[in-house]
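Since every read-out is calculated from the coordinates, none of them should be taken as a lab result. Worth saying up front: this structure is predicted, and the values here are computed from it rather than measured. As a convention, Cβ positions derive from the backbone with ideal geometry for all residues, glycine included, and neighbour counts pool all protein chains shown.
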Amino acid sequence: MSRSYADDPVNSRQRADERSAPDEIAHSHTERLLRDARNATLFHHRMRMLDIEAQHRLRQYHSHFDRNQPRVPAGHSDGGQWTSAGGGQSGSEPQTLSDATPDNDWKPGAQYANRRGRGSGPIRNGEQWSEPEPGQLIRLDFAKARANDAIARVQEIDPSWQPQRSVSNSIEAQISEYEVIAEQARARLRELELPPIIPKSKPSSSKERNDIAREVAGWLLRNRGNIIERAKWLDESEAAIDAYLDPPKTLEELQRAAAEGGKKGYQIHHIVEQKSAEDDKFPRSMIDAPDNLVRIPTYKHWEINGWYGRQNEAFGKQSPREYLRNKDWNERLRVGLDALREHGVLKR
Amino acid sequence: MTRIDVKSMTTEELVNRFVLIAFDQDAAIRHDDNATYNRLFEQMETIKDELRSRPGDQRHALVRLFEHPNIQVRLKSAIATLALVPDAARHVLQGIADSRGYPQAGDAGMTLNALDRGIFEPT
């Protein structure tokens, strides 16, 4: 049932004002409506830009972007060629990250026509003059435009934000500095903790759907009590997302759940990793023993498995999986339990 | 991959490269791409080794990344400087571990755990 304004005792003072100064109140309401409309527009704009950001990040990833393999952008005379030094751009990257007007004079393609390009003579960096390598100026233009664009997008939401800057005394240093600035801006957008963008239409690959669902789960975990707009296709991940929000449990609870069997959104997880234990000739009877099995949220299971496979300074620069090779059962168990604890699955 | 000539890079360029590698590591982790992550790990080790070899141990230049907005940059800069500024670096790691920003929160917690158990002795 909707509640009328007149029923609200909290607003009695405001009602008195309303009676005594109707024009003022009407003006105030109009102001509020206008402010709300502006906020809604801004919110919509932010969401749209985040969507562009998300798409950009996906494209960047799926393009197997490698900063160490710079290419001259398509459309230029050197288009598509590999350039000589690191710190470049992928040809598959979009030229602009949003349709917002960046705070510079860059227009797609325009500066390329103005640039003198290959063999254009020395350019100045602070007090030094240096000879640009082929493609270097174009990469510099690109990096600068992307940095300015990214800064502008952050400052629309957080006007006081400024990136950390450093002193560059070479063209390559300038390029890498611009890249760092652009990434700082993207990181700031993520840090603002706006909800992830969920596409309305179902992504075609299960990997993409899982990536988005995990991003949603992570956001909900960090922003307890908040809600997020959902799409119908995300229903398939609902159990896994809900499970990810589980608070840490005792070892007995996790083991008991494993004994009960599988459950949607959860995985049966071996505390001592089964594959490496098997490789090191531990018997299946130990590996599959009830006290080595816990039922944990699927996304946590994936996170922990991923952690085991990544090289790690704390494990002699090997992956934890490699570190555990030839170790005894107790050491494997200790690492397995610590991993559950530090990933928020097992109660401390 | 183009081999990076770290010897010819300034400390500032190396720090920028460190940040860029961390960004790519972050993306690789989010996409469960451990092969890419491990390749990037080696690249970052090269950068750290070069910084350490420079007079005064230039890994100190990574300390300013402790407040970087990207969680992977904070994680990696803290780990890289544990031998130089142990208390401050541990403080950063603890903050990440407590942040619920997984999977880096898990990584930070396991690093602290390895330090406490004496498995990890930063150099």
Next item on the list: Check every DSSP H run in chain B and write down those whose alpha carbon atoms cover 15 angstrom or more along the long axis and whose mean Kyte-Doolittle hydropathy is -1.0 or greater.
Entry: B:11-30, B:86-97, B:104-117
Next item on the list: Could you please rank A:178, B:37, placing first whichever residue has the fewest other Cβ atoms within 10 Å of its Cβ?
Entry: B:37, A:178
Item checked: Three-way shape call for segment B:6-117 based on the alpha-carbon gyration tensor, with the a/c threshold at 1.5 -> oblate
Checklist line | Residue order, fewest to most surrounding Cβ atoms within 10 angstrom, among B:14, A:137 | finding: A:137, B:14
Item checked: Residues A:201, A:166 arranged by fewest to most Cβ contacts within 10 Å -> A:201, A:166
Next item on the list: Identify, among B:105, B:79, B:40, the residue whose Cα sits farthest towards the positive end of the charge dipole of segment B:6-117, taking +1 on the Cβ of Lys and Arg and -1 on the Cβ of Asp and Glu, with the dipole about the Cα centre.
Entry: B:79
Margin query: Distance cut-off 29 Å, Cα to Cα: go down the list A:327/B:7; A:275/A:347; A:144/A:202; B:7/B:76; A:207/A:275 and report the pairs above it.
Written below: A:327/B:7; A:144/A:202
Notebook entry, point to check: DSSP loop GluC sites (Glu not before Pro) in segment A:199-293 with at most 16 other Cβ atoms within 10 Å of their Cβ, which ones?
Noted result: A:229
